[in-house]
Amino acid sequence: MQLIFVYVELDNEDVGKPVGDYFGITGDAPQVIGYTGNDDGMKFVFAQDLTFENLKAFGEGFLEEKLKAFYKYDPIPKNNDSDLKIIVGNNFHDIVLDESNDVQLEIYAPWCGHCQALEPTYNKLAKYLRDIDSLVITKMDGTTNKHPKAKE
């Protein structure tokens with residue numbers, strides 16, 4: 001067996017809603033998601049008309065590892081000039097993986113007590129080190145942003 005298809009009713013509060021939230025599914029229209037499993041948890045969104053040919057091509061692309069993975073992310077901040085830079089899935093590569101800088105990245109969860117306790121100290125660190133041009137202090141909400149190079 002190479003592919004398993006599962007149908008989930010998203011309006012089911014006990015099962016469907018948590019599954020939809022996990023996969024980032026919104027709206028009422030049927031959606032097809034390819035998922036590699038729990039080891040790496042890569043997700044692939046089928047974004048074409050639901051036809052047999054398109055679905056077959058999606059399945060083949062999934063099995064041949066030719067699809068581009070989907071990672072959820074917040075919008076890129078319009079103003080990211082503070083001492084502590086905000087990272088989202090879509091600017092991760094440009095800031096965190098920029099080899100011209102040394103980057104300190106905190107991946108946090110807003111509800112995490114340890115993360116909340118660290119925040120004032122982390123903000124002070126960013127302010128204290130702001131004059132070092134090659135050093136960038138950053139943080140990313142790990143509950144709403146994903147990137148293949150970011151491991152939680």
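The values are calculated or read from the model by the stated rules, or taken from the named source; none is laboratory data. Small disclaimer: the values here were computed from a predicted structure and weren't measured. Virtual Cβ from ideal backbone geometry, glycine too; neighbours counted across all protein chains shown. The protein model used for the area step is the full one, side chains on, heavy atoms only, and it has no ligands, DNA or RNA in it. Shrake-Rupley method; radii C 1.70, N 1.55, O 1.52, S 1.80 Å.
Any idea of the accessible area per residue across the range 41-123, 1.4 Å probe, to the nearest Å²? Intermediate values should be presented prior to the final figure.
Details: 5790 Å² over 83 residues.
Per residue, the range 41-123 has an accessible area of 70 Å².
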- Query: What shape does the range 84-152 have by the C-alpha gyration tensor, where a ≥ b ≥ c are the square roots of the eigenvalues, rounded means a/c under 1.5, and otherwise prolate means a/b greater than b/c and oblate the rest?
  - Reply: oblate
- Note on the structure: For the range 37-111, the percent of all C-alpha pairs falling in each 10 Å bin, from 0 up to the bin holding the max distance, is 14, 34, 26, 19, 6, 0
- Message: About the Cα centre, and with charges only on the beta carbon of Lys, Arg (+1) and Asp, Glu (-1), how big is the dipole of the range 31-76? Nearest 20 debye, please.
- Response: 100
- Note on the structure: Note on the range 65-115: contact order normalised by length, alpha-carbon pairs under 8 Å, 6 or more apart, percent, works out to 24
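Between their Cα atoms, which of K66/K146; K72/K124; K43/K127; K78/K149; K17/K146; K78/K139 are more than 25 Å away from each other? Let's see the in-between values first.
Values: K66/K146 20 Å; K72/K124 29 Å; K43/K127 37 Å; K78/K149 23 Å; K17/K146 20 Å; K78/K139 16 Å.
Checking Cα-Cα distances, K72/K124; K43/K127 exceed 25 Å.
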- Query: What distance in nm separates the simple spin-label points at D49 and V6, each placed 7 Å from Cα in the Cβ direction?
  - Reply: 3.0
- Message: Is the C-alpha gyration tensor of the range 9-56 telling us rounded, prolate or oblate? Criteria: a/c under 1.5 is rounded; beyond that, a/b larger than b/c is prolate, otherwise oblate.
- Response: oblate
- Task: Would you mind telling me the share, in percent, of accessible area of the chain contributed by carbon and sulfur at probe 1.4 angstrom?
- Result: 52
- Item | Listed residue (T138, H93, F52) projecting farthest to the positive dipole end of the range 26-152, Cβ model | T138
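What do you get when you divide the Cα radius of gyration of the chain by 2.2 N^0.38 Å, with N the number of residues? Spell out each step's value before the answer.
Values: Rg = 18.9 Å, N = 152, 2.2 N^0.38 = 14.8 Å.
The value comes to 1.27.
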- Message: Please compute the length gained on full extension between L63 and L118, using 0.36 nm multiplied by the number of residues separating them and subtracting their Cα-Cα distance.
- Response: 15.6 nm
- Item | Taking the chain and dividing mean pair separation by its residue count, relative contact order in percent (alpha carbons under 8 Å, at least six apart) | 20
